[in-house]
């Protein structure tokens, strides 16, 4: 490790190190840093979401995931798989040695659902979220007590009442904006401790139809069709906002060959990203009506690389070819078998995804529209 440059000071003047020591002594902890060394605000670790395509569009220049030490929102329409995605993230966090605290305000979590998602129930604490204040105060207390890296999942912000909601009547006017004010104060207290303890806060939320008023209401509704509860302060607190929606003009449900609903086809948009990728999108399937639930990752890789020059089509056949002479012809119906059983084919597809989705965006190669385009319905058929 290179030695730090020692700055000589003139008599009667203090050095930057002296100033930092004074500030840290006043704060009682290390709050002043020299940014020529380690940046305390940078993300040092990521939790995989379960979708490599999604992980590839979250942070510019790398395959990432949910940022550790930050606040992330996962919001979606009804039946788009928010809780299923959160459970898969929880399982991936546990594989990294983290403890998971799951706040549930909807009383809808089934232990078997968590286990089928890959969660270890012995390393997951389930908490009934009785109020917004209770959730925020509990997180603050656990951050002060735990030495392990914690992952907090709040399911969901929209459905959690404030104490005044619980104790008051059913008139919404009596507690208007109370929750937003509580959240504004709470997040201002929690943001830095979350970063200091390298804890992760994932907030599940609902997408609600935006109904603006005034002379520009129609324009606003067209450009911003959805909003999320919680107030403006939450928008600033989030480092990453992942929005889930279904297919347009079609049912977003996936059915088996007998017509039973077994999952959802989901489109994803990064509504906000502090990592240089806001506005990017992808798609994947979440299956929840089968023995193994969660994101069907590999099935979406075909659509992720469809715009590449290395993938060509002729009728019902596609050909994957690379500059070193590798050639593989296949039909979409055989994709899942190929990507699962042919290791060379799989490794070349992953390499191509990194080139097309991560590296070309980082270097700003090709058309920008291709990176921000709304993905079409997924091509590879579901096989059960």
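Taking 137, 298, 344 in turn, the Gaussian network model of the chain (Cα-Cα springs below 10 Å) assigns the largest fluctuation to 344.
For residue 351 and residue 209, what is the calculated FRET efficiency with R₀ set at 41 Å and r taken between the beta-carbons, to the nearest 0.05? Write down the numbers at each step before the final one.
Numbers: r = 41 Å, r/R0 = 1.01.
Calculated transfer efficiency: 0.50.
Tell me, what is the percent relative contact order of the chain, built from C-alpha pairs under 8 Å that lie six or more residues apart? Averaging sequence separation for qualifying contacts and normalising by length gives 18 percent for the chain. Over the chain, dividing the summed -39,500 (n - 2.57) contributions of all DSSP H runs of at least 4 residues by the number of residues returns a 222 nm mean residue ellipticity of -9000 deg cm²/dmol.
At a temperature of 25 °C and a viscosity of 0.890 mPa s, determine how fast the chain diffuses translationally according to Stokes-Einstein, using the Kirkwood radius over alpha-carbon pairs as Rh; express D in µm²/s, rounded to the nearest whole number.
On the way: Rh = 23.2 Å.
D = 106 µm²/s.
For the chain, modelled as a GNM whose springs connect Cα atoms under 10 angstrom apart, the maximal fluctuation among 28, 76, 276 occurs at 28. Remark on the stretch 27-67: hydrodynamic radius 12.1 angstrom, per the Kirkwood mean of 1/r across alpha carbon pairs. Could you work out which residue, out of 200, 160, 319, moves most in a Gaussian network model of the chain, that is, has the largest mean-square fluctuation with Cα springs under 10 Å? In the Gaussian network model the winner is 319. Cβ crowding within 10 Å, taken as a proxy for footprinting-reagent exposure, orders 380, 178 from fewest neighbours to most as 178, 380. Comparing Cα centroids, the stretch 83-122 and the stretch 215-274 end up 22 angstrom apart.
A short reminder: the numbers here are calculations on the coordinates, not readings from a lab. Since we're looking at a predicted model, the values are computed, not measured. Neighbour counts are summed over all protein chains in view; Cβ atoms, including those assigned to glycine, are modelled from backbone coordinates with ideal geometry.
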